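What follows is a short report on a single structure.
The values are calculated or read from the model by the stated rules, or taken from the named source; none is laboratory data. Quantities reported herein were computed from a predicted structural model and do not represent experimental measurements. Here the Cβ positions follow ideal geometry from the backbone for every residue, glycine too, while neighbour counts run over all protein chains shown.
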């Protein structure tokens, strides 16, 4: 940090197992990626090339190498995994990950229906090639999954070998663990946390109010994802109580003025 302040909550050090920030790259140019990393790389833990953008991104290999030069894992969005799967190209997906030196993989079923036992089978297979993140929740706003089912799915996917389960929200933050308005489904979240360890859940939280909710609920070392590159520094300040929304959150009430 640039100077000393007391009463700053302790953030986990990189490489960290929780308190991670996953950034969603929806189409940055190579120069934009370099510019973003020049400022934000100390606060980024993993980069997702959103949905299927990697298929149409020019100079993809060079871009991935830019992220990897900062020791940042990169992975393809779950929609791309589903696109390979629905075309019966699962082995091709593995080959593509190997070709681009991708060691993190997302398994999701937000756009297609996969029997859950089969989904867990893909998770188990992919653990042989790297770190697996599995996404729970539907991209269909009309498909409401009850809390007990979220817990059941998350538990099974962690048991199959996923390092993290991702709580679905899409890039807009308006499905899954959120209502269409972006409001957190608080009962759902709190019920999930009674059964699934917080450090194993990556909450997609693209909106500031959503990030604030989870920081207040779980603390500065909550796992947050789908963060826009331009919001990383602002969110890190919010994590440690240096934004108006969290200014008093970590202060010692006796010692503060």
A careful count of residues in region 205-230 that are under 14 Å from the mean Cα position of the chain (by Cα) and either exposed (fewer than 15 other Cβ atoms within 10 Å of the Cβ) or closer than 21 Å to residue 14 by Cβ (or both) gives 12
Residue in region 186-200 that is surrounded by the fewest Cβ atoms within 10 Å (Cβ to Cβ), counting only those that are closer than 23 Å to residue 107 by Cβ and out of contact with any helix residue (DSSP H, G or I) (no Cβ under 7 Å at 6 or more places or on another chain): 197
Single residue of 206, 229 found to be closer than 19 Å to residue 23 by Cβ and either out of contact with any helix residue (DSSP H, G or I) (no Cβ under 9 Å at 6 or more places or on another chain) or modelled with pLDDT under 95 (or both): 206
The residue that is farthest from residue 152 (Cα to Cα), considering only those in region 174-184 that are out of contact with any helix residue (DSSP H, G or I) (no Cβ under 9 Å at 6 or more places or on another chain) and surrounded by fewer than 16 Cβ atoms within 10 Å (Cβ to Cβ), is 181
Wholly within region 14-100, which strands (runs of 3 or more DSSP E) include no fewer than the required count, namely at least 1 residues that are touching a residue at least 60 places away in the same chain (Cβ under 8 Å)? 21-25, 46-49
With the first residue restricted to region 114-132 and required to be within 15 Å of residue 93 (Cβ to Cβ), and the second required to be at pLDDT below 95, Cβ contacts under 7 Å at 6 or more apart or on different chains are 119/109
Can you go through 60, 72, 5 and tell me which one is out of contact with any strand residue (DSSP E or B) (no Cβ under 6 Å at 6 or more places or on another chain) and surrounded by 12 or more Cβ atoms within 10 Å (Cβ to Cβ)? 60
Does residue 236 meet the test of being touching a residue at least 60 places away in the same chain (Cβ under 8 Å), closer than 28 Å to residue 35 by Cα and outside any strand (DSSP E or B)? yes
Hey, any hits in region 104-113 for a residue that's buried (at least 22 other Cβ atoms within 10 Å of the Cβ), free of Cβ contacts under 8 Å to residues at least 40 places away in the same chain and in contact with a helix residue (DSSP H, G or I) (Cβ under 9 Å, 6 or more places away or on another chain)? yes
For region 158-172, enumerate the residues that are in contact (Cβ under 8 Å) with a residue 40 or more places away in the chain and buried (at least 21 other Cβ atoms within 10 Å of the Cβ). 160, 162, 164, 166, 168, 169
Before we move on, is residue 154 within 30 Å of residue 229 (Cβ to Cβ), modelled with pLDDT of 95 or more and in a helix (DSSP H, G or I)? yes
Boolean, residue 47 is within 18 Å of residue 131 (Cα to Cα) and in contact with a helix residue (DSSP H, G or I) (Cβ under 7 Å, 6 or more places away or on another chain): yes
Answer yes if at least one residue in region 244-257 is touching a helix residue (DSSP H, G or I) at 6+ places or on another chain (Cβ under 6 Å) and at pLDDT 95 or above, and no otherwise. yes
